[in-house]
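Working notes, structure below.
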Amino acid sequence: ISVAEETGLIVPIGWWALREACTQVRRWQQRWPMDPPLYASVNVSGKIFGQPDIVERVWKLLEETGLPPTSLRLEITESILMDHGEQALQILGELRALGVQFSIDDFGTGFSSLSYLQRFSYDTLKIDRSFIAGMQEKADVSAIVQTIVGLGSLLGSSVVAEGVETAGQFEHLKAMGCPAAQGFWFSKPVEAAKAEKLISRPHVWAS
């Protein structure tokens with residue numbers, strides 16, 4: 001990824017990944033209707049986010065793939081907000097007006113979290129994996145995780161814990177009331193065919 005960022009290849013790769021994700025999730029929505037429906041959560045590079053035609057291209061992509069805008073969640077980091085400033089907030093507003101949702105990735109590791117939360121309402125806060133890894137051993141880290149969970153609840157934002165790798169971490173998060181989690185404890189990255197087996201298992205969706 002770092003090489004793709006340096007060479008600029010991250011732009012065509014990023015658009016390809018976004019299209020593939022939207023296409024695949026739309027197929028799964030049609031095969032497994034759910035309430036709420038499955039959604040695509042896709043990381044967005046700062047180089048893509050800074051393109052002047054990003055709003056038009058995202059809208060066109062959604063039209064072509066048939067994925068409802070509310071079923072697309074773009075994951076951005078705090079560094080993107082810091083690098084692009086007012087332009088970033090404008091793009092966020094325009095995409096949000098279309099129905100697209102947003103997640104702040106690696107939340108808690110940047111310096112602008114609270115100031116940008118005040119200026120723009122995000123759908124999801126994703127707690128950085130570094131906090132999850134240390135929360136069982138360090139009381140102060142656990143307190144930070146609990147605070148983010150509470151903050152998300154107060155702001156009306158969903159919260160997702162990243163990097164959950166053990167049963168202990170999962171149970172710790174459940175005790176905190178964290179509504180969602182992701183990580184190797186549930187599954188390592190898999191191809192579409194294997195992902196379908198996971199989706200089709202009813203207990204996957206149980207809390």
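Between residue 97 and residue 120, the simple spin-label model (points 7 angstrom out along Cα→Cβ) gives 1.4 nm. Computed over the chain, the per-residue total of -39500 (n - 2.57) for DSSP H runs of n ≥ 4 gives a 222 nm mean residue ellipticity of -16500 deg cm²/dmol, rounded to 500. Taking GluC sites (Glu not before Pro) as candidate sites, keep only those in a DSSP loop with at most 16 other Cβ atoms within 10 Å, then name the longest stretch of the chain containing none of them. Value returned for the longest uninterrupted segment is 1-136. Working note: Karplus 6.51/-1.76/1.60 with θ = phi - 60° gives the range 84-96 the couplings 9, x, 4, 4, 5, 5, 5, 5, 4, x, 5, 5, 4 Hz, where Gly and Pro are set to x.
So what's the net charge close to residue 65: Lys and Arg +1, Asp and Glu -1, counting the other residues with Cβ under 10 Å from its Cβ? Write out the running numbers ahead of the final one.
Working: positive: 19, 26, 27, 60; negative: 20, 63, 64.
Neighbour charge sum, excluding residue 65 itself: +1.
When the alpha carbon coordinates of the chain are projected onto the principal axes, the ranges are 45, 40, 34 Å, largest first. Karplus-based coupling profile of the range 46-55, in residue order and whole Hz: x, 5, 6, 4, x, 6, x, 9, 4, 5, with θ = phi - 60° in 6.51 cos²θ - 1.76 cosθ + 1.60 and x standing for Gly or Pro.
Were the residues from residue 19 through residue 57 laid out at 0.36 nm apart, the gain over their Cα-Cα distance would be 12.6 nm.
Other residues lying with their Cβ under 11 Å from the Cβ of residue 43 contribute a combined charge of -1, Lys and Arg counting +1, Asp and Glu -1.
Each value in this text was obtained by applying a stated rule to the coordinates, not by laboratory testing. In this text, all values refer to a predicted model and were calculated from it rather than measured experimentally. Note that each Cβ is placed from the backbone with ideal geometry, even for glycine, and that neighbours are counted across all protein chains shown.
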